[in-house]
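Here's the structure, in structure tokens; my notes come after.
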Amino acid sequence: MRNIHERTVEAPATAVGALFDRLAADDDPIFPAPAWSPMRLDRPLSVGADGGHGPVRYRVTAYEPGRRVRFDFAAPAGGFHELTVEPLGPERCLVRHVLEQELKGVSLLAWLFAVRAVHGTVIEELFDNVERAVGREVTHPVRWSPWVRLLNRLGWDRPVPVEIPDGARLPRTAIDWCERADYRDAYALDLLPGMDRDPAAWEGVLRGIRVTDRAEREILLGQDAGHLDFRASLLVDEAARRVTLSSVVRIHNRRGRIYWAVVSKVHPFMARTMLRRTHRRLALAAPSAGERETVVSSGGPRAGRAT
């Protein structure tokens, strides 16, 4: 299988190549995150750097600064994908992405029915970001088909269980919650480049539960009743690059124990679902990498957003 995407960009090859050199950096201006999992490498872009995006793993095997970067897929997948820029004149260049793999059986079916559609969308969004980052208007930005939108939703990362982080201070100050709680849990997701870091943007994570307290990077939601009290902390941890939803419950009487014995069976599923849904909503609402680059290049503020 050989898949090629090309686009002519009205900009010098040197300007576009400089964008390539920032792939996988914290300020990567072209990879289409946060709508898709960002490219991450274990070191700055260079031959030998290991990483990938989402479940796709690869290593940098060739790198010509400002011109070309090639990634070989990890075994057993084999094959490679490569990004190049070629000058077509002083103010025009050709951007090309080549993907080549030998596919058989299940991997071939996966490519035909799912991966090809997602791959094509990601690469065309990357090209859109190249044009935005060099100050060109994208006349026909890529549009997601219903199938791609469904695949994006199904493939979105799922929250993982964690300990209540030390930075989640608001529930600890609410009547010794963490020390005296009858139930506690926490789930986390990575903060993606460009996502809103303002905790206020996450307030709707638990529908119908009011905000009872706020801190710089945390909000506390809660509800008190005669049979039990509930608190949920939403912590946006910039240093750890993750957002964590922590829940604590205090039971007051027999009615509360019976009630929570039932609700506790569905609470973990609901907490993970609500966090994941809010995470995806904010990611899809964030400006593209190319738009963020344009704002920074023009000297404008990022207005509560960070890369």
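Just so you know, all these numbers are worked out from the coordinates, no wet-lab data involved. Quantities reported herein were computed from a predicted structural model and do not represent experimental measurements. Positions of Cβ are backbone-derived with ideal geometry, glycine not excepted, and every protein chain shown enters the neighbour counts.
If the elastic network links every pair of Cα atoms under 10 Å, which of 233, 46, 247 fluctuates the most in the Gaussian network model of the chain?
46
So for the stretch 204-245, averaging the separation of alpha carbon pairs under 8 Å that are six or more residues apart and normalising by length, what relative contact order in percent results?
That works out to 26 percent.
Cα gyration tensor of the stretch 102-164, axes a ≥ b ≥ c as square roots of the eigenvalues: rounded (a/c below 1.5), prolate (a/b > b/c) or oblate?
oblate
Summing +1 for each Lys or Arg and -1 for each Asp or Glu, what net charge is found among the other residues whose Cβ lies under 14 Å from the Cβ of residue 85? Please report the intermediate quantities before stating the final value.
Details: positive: 7, 22, 67, 68, 70, 92, 96; negative: 6, 10, 21, 64, 82, 86, 91, 131.
Residues close to residue 85 contribute a combined charge of -1.
Taking 0.36 nm per residue of sequence separation and subtracting the Cα-Cα distance, how much length would be gained by fully extending the chain between residue 47 and residue 265, in nm to one decimal?
So the chain would gain 73.6 nm between residue 47 and residue 265.
Per DSSP H run of n ≥ 4, the term is -39500 (n - 2.57); total these for the chain, divide by its residue number, and report the mean residue ellipticity at 222 nm rounded to 500 deg cm²/dmol.
Result for the chain: -8500 deg cm²/dmol, rounded to the nearest 500.
Whole angstrom only: what separates the Cα centroid of the stretch 248-291 from the Cα centroid of the stretch 1-59?
One Cα centre to the other: 34 Å.
What percent of all Cα-Cα pairs in the stretch 193-249 falls in each 5 Å bin, counting up from 0?
Whole-percent P(r) values from 0 Å outward: 4, 19, 31, 21, 13, 7, 3, 1, 0.
Which of 79, 226, 155 moves most in a GNM of the chain, Cα contacts under 10 Å?
Result: 226 has the largest fluctuation of those listed.
Roughly how big is the stretch 160-283's charge dipole about its Cα centre, with Cβ charges of +1 (Lys, Arg) and -1 (Asp, Glu), in debye to the nearest 20?
On the way: 22 positive and 17 negative charges, 120 e Å.
Charge dipole of the stretch 160-283: 580 debye, to the nearest 20.
Roughly speaking, what is the stretch gain from residue 258 to residue 180, that is 0.36 nm per residue apart minus the C-alpha to C-alpha distance, in nm to one decimal?
26.2 nm
Once the piece of chain linking residue 216 and residue 110 is laid out straight, how much longer is it, given 0.36 nm per residue of separation minus the C-alpha distance between them? Numbers along the way, then the final one.
On the way: separation 106, 0.36 × 106 = 38.16 nm, distance 4.41 nm.
So the chain would gain 33.7 nm between residue 216 and residue 110.
D for the chain, whole µm²/s, Stokes-Einstein with Kirkwood Rh over alpha-carbon pairs at 20 °C and 1.002 mPa s: what number?
Answer from the Stokes-Einstein relation: 100 µm²/s.
What net charge do the residues around residue 73 carry, taking every other residue with its C-beta under 10 Å from that of residue 73, with Lys and Arg at +1 and Asp and Glu at -1?
Details: positive: 57, 59; negative: 72, 100.
Residues close to residue 73 contribute a combined charge of 0.
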